[in-house]
DNA sequence: AATGAATGAGCTTTCATTCAT
DNA sequence: TATGAATGAAAGCTCATTCAT
């Protein structure tokens, strides 16, 4: 028992920053960066206000840490899908539903909302986000779609544009959870939304069956 | 000379509130509500800080006015379309491209971003917005889609879900203009986005042509 | 009576900065810069804490203003003495007793103490002070002494060194008033100090009367 | 090996408090008491912040220790001079140059600056300092001067006043080292200053040679 | 004896709000 | 109507002090 004490403490010490960014993320998403007080973050994390400054130089630095920490882990998972799926349709489905499961439906889903709200106030973080998240995500989608087009499964579409159009309903839905969501009981009911979404875009992408095709 | 003064003044006086909300809207959208100082709004509007209090009781009241003013004018325009178009496909296109032209592409396009960011801090305004904007807009879309289904032009889809999915890419694009947009030169290039968007959704909605159809 | 109101206000407005620096000076000298709270300054000046920020950007800026304002007015008075006195001995006496009357014995006498205490924390202000106050003051003394030597009234001495040595007892005494002074009742008794000081230095500077001089 | 450890440790332990006060002294002198953080002191002393509290109850207690430790050793050295010198002029010279060598030119020279800056914030320490340092130093000087007057070597002067006047240039110069000194390269050049100082005061004190004196 | 993570009171600074003019 | 000087509550941040290890 006396042995667990230091162990607990050490574990605590190492886990602290993530406990703090987790608390900060939820409040930033809920109220916005400027409207969130450090006291609130500290309270939610169960520490005192001063403790925040042991780990982060300033409120701004905390914001940056929140974004980076929420973004880094999801970077590789998606890119691995490219090799796991050959069929373009399956690949596209895997990417999009994977994003929803790993990001959109988790507490990380607040990050797009937060980043979009604060992009103007944190230009450097916004640049980082666009480079590391948006561009890499776009490249992933682009690879899937262009493979589909190459194989004649998807119709010819503007690659740049389609990527944004495809991801929009998912991001929008994730943002919704942290804005109007709380006032609707429909929260849990994402099923129909996703089903309809996939139905619409896959149908919309699919190349028309050639006249004489017997399929 | 003494006569023109009051005339100019009166016109000025009546226009004041809208000049103020316009200044407030652009700043709220750019920096967020909490991060925007009344000094900045006053400066952008070309008045003194005290003047704001002649027209609005508080910063919160100014926020509410900004939302209401940006929302009211667009309410009826859309609903009028229902009668102007008979063909469901044309109607749907008219509704969606109408939204983009009247809202999304104008300075009013910032309102969805603002409202989404601040929904948590202004529950009553959010409720108002949801009731007066989202639900009425949804009802409009719903009418168009269900008419299309009824006539066999559109496939059978979940009506509630499809409305959100359909509007998402447009709203998302509007929000983009006020977040990441300023850092991309692609700003002006909405054309391909819209084209691809309509291409995708209309194709995705369209009912499959029956085998023996001669079109 | 209704007329005096705006007048009083306008006068107030213009006089504010000096009321604030005066309050700040006395507290900075008494407690030191870091140990002085802005609340205390505001209270002593009879304003609220926020008012300080209408006139000064920060506590540091207030410090700089305190020094500059306390230094500027005394700059020219001394230099004018050079032309008013021809006799080197009278000139030297006029400079030194003039410093005491205009600076050392007034509330400005705290500035040397303050500047000396804080020189390390405000290198730029210290540089300004040294350039505008110390060097100009030294030049003045130097002119007086070198004139005395040229005329054979004073003995030959190191000009740089003598200037510092001469001013030291006066500055030291001024600083004393704001440190140990308050705990001695002797405060008022500067008379003997000055008398002894002048007696010592003038005697010490005087050239020995040549053997055959008939006085 | 296990034996040397405790030995080194013991020596270390006993030396600790002085290492700490030495670090504190240099920082207090450089930045002032309030502007010096305990972290800085600990870092300069090469210990952790908590260690300071093993030796001193509080920051205030550390300040008092710094003053006492810097003051005690010099107390007796000066008073011993009274018996070592008979000639008043030599005695006075020995006292003053002794002060410069033992205090003014060493790191203890910062103590007068520190004490003067903080006298208002530490009335009890100031009282102690005045009693144990200033008054005893003054008494020493007084003895030397009055012996000189009694023997007809020095002119008649106000004893209280002359003591302050005499020490002022030395203390002033010591304080200078820790304020404006760092910004002048002249630092090393105290020689001319001291030479001029002694030249001035001894000349100024000397009784005029009577007319018929054959010296 | 020594550490350094944690605390929270207290400080500087900001800004919505008021009000005399 | 319009102003802007003044306010003071509240926020970000610091740092002397404590204490479990």
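Every number in this text was worked out from the coordinates using simple rules, so none of it is lab data. Small disclaimer: the values here were computed from a predicted structure and weren't measured. When we count neighbours, we look across all protein chains shown, and the Cβ atoms used for this are built from the backbone with ideal geometry, even at glycine.
The value of relative contact order for chain D, using C-alpha pairs under 8 Å at least six residues apart, is 20 percent. For residue A:135, the label point sits 7 Å beyond Cα toward Cβ; its separations from the matching points on the remaining copies run 4.5, 5.1, 7.7 nm, from shortest to longest. Label points for residue D:152 are taken 7 Å from Cα along Cα→Cβ. From this copy to the others they lie 3.1, 13.4, 14.3 nm apart, shortest first. How large is the translational diffusion coefficient of the stretch A:40-89 in µm² per second when you combine the Kirkwood radius over alpha carbon pairs with Stokes-Einstein at 4 °C and 1.567 mPa s? In µm²/s, the coefficient is 95. From the alpha carbon centroid of the stretch D:149-192 to that of the stretch B:14-49 is 64 Å.
The angle separating the long axis of helix D:136-150 from the principal Cα axis of greatest extent in chain D is about 10 degrees. The angle separating the long axis of helix A:190-205 from the principal Cα axis of greatest extent in chain A is about 40 degrees. Taking every residue in A:108-117 and counting other chain Cβ atoms within 10 Å of its Cβ, the average works out to 3.
Suppose R0 equals 41 Å; then what is the FRET efficiency for residue C:68 and residue A:128 from their Cβ-Cβ distance, rounded to the nearest 0.05? Calculated transfer efficiency: 0.45. Working from Cα positions, state the angle (0 to 90°, nearest 10) between the long axis of helix D:88-99 and the longest principal axis of chain D. So the inclination is approximately 20 degrees.
For residue C:57, the point set 7 Å out from Cα toward Cβ sits 2.0, 3.9, 4.4 nm from its twins in the other copies, listed from shortest up. What whole-number distance in Å separates the alpha-carbon centres of the stretch C:66-125 and the stretch A:58-105? Answer, in whole Å: 69. Peptide C:71-82 shows a mean partner chain C-beta count of 0 within 10 Å per residue C-beta. Residue of chain A with the smallest Cβ distance to the axis mapping A onto D, distance rounded to whole Å: A:50, 4. Within the stretch D:104-164, the percentage of alpha carbon pairs spaced more than 13 angstrom apart rounds to 69%. Taking the helices alone, chain D has a mean residue ellipticity at 222 nm of -21500 deg cm²/dmol, built from -39,500 (n - 2.57) per DSSP H run of at least 4 residues and averaged over all its residues.
Derived from the Cα gyration tensor, the three semi-axes of the equivalent ellipsoid of chain C are 39, 18, 17 Å, largest first. Packing here is the average count of other Cβ atoms within 10 Å per residue, and on that basis the peptides A:16-28, C:46-58, highest first, run A:16-28, C:46-58. Counting Cβ atoms of other protein chains within 10 Å of each Cβ in C:122-134 and taking the mean gives 1. Using Cα-only point scatterers and the Debye equation, what is log10 of I(q)/I(0) for the protein assembly as shown at each q in 0.05 Å⁻¹, rounded to two decimals? For the protein assembly as shown, the Cα-only Debye profile gives -0.52.
Computed packing ranks the peptides A:96-108, D:121-133 as A:96-108, D:121-133, most packed first, by mean other Cβ atoms within 10 Å.
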